[in-house]
Every structure is written in C-alpha cells, then in structure tokens.
Amino acid sequence: MSARQSLARRVFSALAEGTADPPGVTRAAYGPSEQAAHDLARHEAEALGCEIAIDPAGNLLMTLPGSDRRAQRLLLGSHLDSVPHGGNYDGAAGVVAGLALIAEARARGFMPPRDVTVVAFRAEEAAWFPLSYLGSEAALGRLAAALLETPRSDTGQSLAEHMRAAGFDPEGVARGEALLRPDDIGAFVEVHIEQGPVLVGADLPLGLVTAINGGFRYMQARAVGAWDHSGATPRRHRQDAVLGLTDLVTGLEAAWDRIEAAGQAVTLTFGQVATDPALHGGSRVAGEVAFSLDVRGADAGVLDELRRDCARLRDEIAETRGVVIDFGPEFTWPVARMTPALIARLEACAQTAGIPILRMPSGAGHDAAVMAGAGIASAMLFVRNAEGSHNPDEAMDLDDFAAAVSVLWQFLNTWP
Ligand SMILES: [Zn+2]
C-alpha cells in the first residue's frame with residue numbers, strides 16, 4: 001500500500017472511532033470532538049515533519065517547507081467539524097487529502113518548489129453557529145467582530161466564549177489577527193465529498209467545481225395568524241397560520257417551476273416547520289407557525305427574483321388570509337466562482353493521471369467560497385459519495401479518494 005493510502009485509512013478510521021456518536025460522528029464546532037480531530041491531524045503532520053501553527057481562532061496550519069520559502073504557497077484543506085450524527089468524510093476528506101499528499105512527497109523524497117500548507121478550519125457547519133465559514137473567515141482575519149457574540153445552537157454560549165474555553169483568542173480574532181494572507185497564497189484547493197448524487201449518477205469518481213451557489217436563508221421566520229377553536233370558528237373568521245404558510249410554500253414552488261422552465265437551477269427548502277408545542281392541539285386553529293427557508297442558486301439575478309416573490313406572496317397572504325409572514329433576519333451569502341485558470345490546470349492534471357472528471361456547480365457552501373471571495377485563486381475537487389451528506393451513511397470509496405490525491409500529486413509536480 002502506498003504512503004498516501006495507508007495514511008488515509010489510518011486517519012479516517014481513527015477519526016471515526018475518536019469522534020463516534022452513534023449513529024455517525026459528531027464534531028461540534030469548538031467542542032472536544034472537533035479538538036480531537038485537530039489533535040489527530042496535528043499528530044500526523046508532526047510525524048511527517050510539518051511545521052505547525054495555530055491562529056487565534058484555533059485554525060490549524062500544517063506546512064511542508066518547499067525549496068523557495070518566499071514563493072506563494074499551495075494551500076489545501078477543509079474543515080474538521082461535522083453536523084450532529086454526521087458522516088466521517090464531510091470536511092475531513094479535504095484535510096486528510098492534504099496530509100496524504102505530504103505523506104506521498106515525503107515517501108518519495110520530493111521537496112516541493114514552494115511551501116505546501118494543509119489547513120484544518122474550525123466551525124464550517126451552520127448546525128452549531130447559524131452562520132457558515134466562521135473558521136475560514138477568521139483564518140483570513142475577516143470575521144466581523146459582532147459575529148463573535150453568536151450563540152451556539154445547543155449550548156447558548158457565544159462563539160467568543162467557546163473559543164476562549166477551547167484555549168483560543170477571540171480578542172485577537174476581533175482585531176483581525178490572522179496567519180493566512182491572500183498575497184502569500186498561490187492557490188487554494190479544497191477536496192470535499194460531493195453531497196449530492198451527481199457523480200454517482202454519472203459514474204465518475206471526481207468532480208471539478210465551477211462555482212459555489214450563493215443564497216439567502218431565514219432561520220427565524222414566522223407565519224402569524226390567530227388561535228381559534230377548530231369547531232366554533234367559521235372559515236371566514238379564521239386567520240389560519242398553517243394555511244398562510246401553505247400559500248407561501250405552494251407560491252414559491254410555482255416560482256421554482258417558472259425558474260426551471262427558464263433553464264435556471266435553484267433549490268428552496270423549508271427545513272424546519274413547527275406550530276408552538278405549548279399552544280397547538282388537535283382541536284385548535286394554529287395561530288403561529290415557525291419556519292425556516294433556505295434558497296440557493298448560482299445566479300444572483302435569479303436569487304433576487306425569488307426575494308421579490310417572497311415579498312409579493314407575503315403581501316398576498318396578508319390580504320387573503322389575514323396571516324402575517326414575518327421572515328425575520330436574513331442571512332445571505334454571495335455566489336463564489338472558482339478560478340478558471342486553476343480549473344483548467346486541475347482538469348489537465350486529471351487527464352494526465354487518466355482520471356475522468358466532471359465540471360459541476362456546488363449546491364452546498366464550502367470554505368473555498370471564502371478563499372475565492374478574498375481574491376485567492378481557488379478550486380474544489382469533489383469526490384464521489386453515495387448516500388448524500390450530513391448523515392451517518394456517507395459512503396466515499398477510498399479508491400475515489402486516492403484519485404483526488406493523484407490529481408493533487410500531479411498538480412504539485414507540475415506547479416512552477
Ligand atoms: Zn463540508
């Protein structure tokens with residue numbers, strides 16, 4: 001077995017064991033299990049002779065020195081947190097791919113022309129703090145200080161409190177102190193499992209991401225009507241919050257049809273829908289429904305169109321049902337285009353390595369969006385993965401993972 005394969009097997013199984021939370025794994029952002037994953041990566045990197053650095057937010061940088069230490073570095077990596085009861089590969093695959101590349105270089109006695117740094121970002125999954133990319137934003141010194149007060153969804157403690165408890169320096173984060181500087185980075189390549197069925201359907205091991213979808217999300221939206229007796233209140237007197245929300249759902253699905261008919265792709269998801277358990281009942285007209293709405297797409301104009309649809313439907317529902325749709329705070333993130341020259345080079349590397357690869361957009365968000373947003377040449381390699389992601393059944397074949405590392409190896413060997 002090659003150096004990279006044995007490292008990958010060892011690290012993936014140690015991660016699965018060390019952060020097990022049946023079913024699946026749980027690596028809460030700034031929790032002990034995320035730290036265990038960081039410790040494991042650090043231990044492997046130290047054994048490979050890497051230089052270790054940790055920034056004020058706790059992001060871990062593991063560097064294999066190159067022959068020209070002042071040349072722009074190759075940055076690889078991803079995040080090590082997971083959703084609750086998630087799969088072993090989401091995020092971790094990108095960090096392990098970087099370490100596997102370094103293991104391969106060491107085994108072959110290859111000194112790269114420039115530094116190769118593997119980064120393990122903190123807190124990428126919005127399951128913990130209801131914002132994505134906190135770790136990678138902080139890694140560039142770009143995290144807005146106000147976001148340090150964001151409470152973690154399970155503990156209610158702020159991001160700053162969690163950072164401090166884990167031994168890091170939120171004040172340094174607030175001051176924008178960072179170890180990664182865009183000018184020092186020649187390219188960022190994030191290996192990540194595909195979280196949808198596209199590569200499995202196409203029967204291809206790897207994807208090359210062209211753009212990461214942007215979007216907007218309402219996490220604290222409400223439909224507010226009036227509580228009433230289910231038998232005693234005639235229809236015309238009702239302000240049924242469930243029916244108001246239903247109008248919004250069907251209205252937005254009609255908009256989705258219109259957008260698809262025009263040849264554009266978006267996703268709309270009402271992930272959380274709940275009447276108030278303290279007040280609802282089988283014989284009660286619901287006065288309030290809390291819901292979330294997540295809208296994503298690769299075209300900013302189409303996203304704006306859907307925002308206007310939301311406003312139009314809100315006004316119509318107030319008029320026809322007497323139900324107030326309050327979307328609450330809006331969280332938005334922009335479309336992130338990957339760098340065309342880097343995509344072309346990785347495509348050529350895959351071709352040289354004899355590995356078929358598919359250009360595709362990413363519906364899910366990734367740290368590479370932050371890197372691209374900071375002006376760093378960025379690309380993503382997707383690895384085929386059955387059973388989706390954010391669940392314990394993620395199924396990445398280690399041969400497909402090895403194919404991604406082969407593309408990186410080719411890339412490193414042909415990098416000027
Ligand atoms: Zn991920």
Flag for L80 being more than 14 Å from the ligand (Cβ to nearest atom), in the same structural domain as A372 (by TED's automatic domain parsing), among the aliphatic types (A, V, I, L, M) and under 17 Å from the mean Cα position of the chain (by Cα): no
Failed criterion for E17 (all others in (1) of a type in the set (D, E, K, R); (2) within 16 Å of the ligand (Cβ to nearest atom); (3) part of a helix (DSSP H, G or I) hold): (2)
Selected residue (criterion: modelled with the lowest pLDDT) from residues of the range 206-242 that are surrounded by 23 or more Cβ atoms within 10 Å (Cβ to Cβ) and under 30 Å from P416 (Cβ atoms): I212
Matching entry among A93, A103 (being outside any loop (DSSP other than H, G, I, E, B), of a type in the set (G, A, S) and away from the ligand (no atom under 16 Å from the Cβ)): A103
Residue tally, condition within 30 Å of I185 (Cα to Cα), of a type in the set (S, T, N, Q), touching a helix residue (DSSP H, G or I) at 6+ places or on another chain (Cβ under 8 Å) and not in a loop (DSSP other than H, G, I, E, B), over the range 312-361: 1
The range 187-205, subset buried (at least 23 other Cβ atoms within 10 Å of the Cβ) and among the hydrophobic types (A, V, I, L, M, F, W, C), residue nearest to the ligand (Cβ to nearest atom): I193
One residue from G322, G301, G282 being in the same structural domain as R235 (by TED's automatic domain parsing) and at positive phi: G322
Residues within the range 61-72 that are touching a Pro at 6+ places or on another chain (Cβ under 9 Å) and surrounded by fewer than 24 Cβ atoms within 10 Å (Cβ to Cβ), tallied: 5
Qualifying residue in the range 308-323 (condition: under 28 Å from the mean Cα position of the chain (by Cα) and either under 25 Å from H366 (Cβ atoms) or modelled with pLDDT under 95 (or both)): no
Number of the condition not met by G109 [criteria: (1) crowded, with 17+ Cβ neighbours inside 10 Å; (2) in a loop (DSSP other than H, G, I, E, B)]: (1)
Complete set of residues in the range 117-145 that are buried (at least 24 other Cβ atoms within 10 Å of the Cβ), outside any loop (DSSP other than H, G, I, E, B) and more than 16 Å from the ligand (Cβ to nearest atom): T117, A138
Selection from the range 25-57 of residues that are within 18 Å of the chain's Cα centre (by Cα) and either at positive phi or outside the structural domain of R175 (by TED's automatic domain parsing) (or both): Y30
Search result, residues across the range 362-371 that are assigned to a loop (DSSP other than H, G, I, E, B) and of a type in the set (A, V, I, L, M): A364
Selection count where residues are of a type outside the set (A, V, I, L, M, F, W, C), within 16 Å of the ligand (Cβ to nearest atom) and either surrounded by fewer than 18 Cβ atoms within 10 Å (Cβ to Cβ) or part of a helix (DSSP H, G or I) (or both), scope the range 25-57: 3
When residues of the range 149-186 are limited to those that are of a type in the set (G, A, S) and in a loop (DSSP other than H, G, I, E, B), the one surrounded by the most Cβ atoms within 10 Å (Cβ to Cβ): A178
Test: residue in the range 58-74 that is within 16 Å of the ligand (Cβ to nearest atom), small (G, A, S) and either touching a residue at least 40 places away in the same chain (Cβ under 8 Å) or outside any loop (DSSP other than H, G, I, E, B) (or both): no
Condition met for Q264 (polar (S, T, N, Q), outside the structural domain of P340 (by TED's automatic domain parsing), free of Cβ contacts under 8 Å to residues at least 40 places away in the same chain and part of a loop (DSSP other than H, G, I, E, B)): yes
Hits in the range 234-286 - residues which are in contact with a Lys or Arg (Cβ under 6 Å, 6 or more places away or on another chain) and among the β-branched types (V, I, T): T267, V285
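The values are calculated or read from the model by the stated rules, or taken from the named source; none is laboratory data. Fair warning: this is a prediction, and the values are worked out from it, not measured in the lab. Don't worry about glycine lacking a Cβ; one is built from the backbone with ideal geometry, like all the others, and counts go over all protein chains shown.
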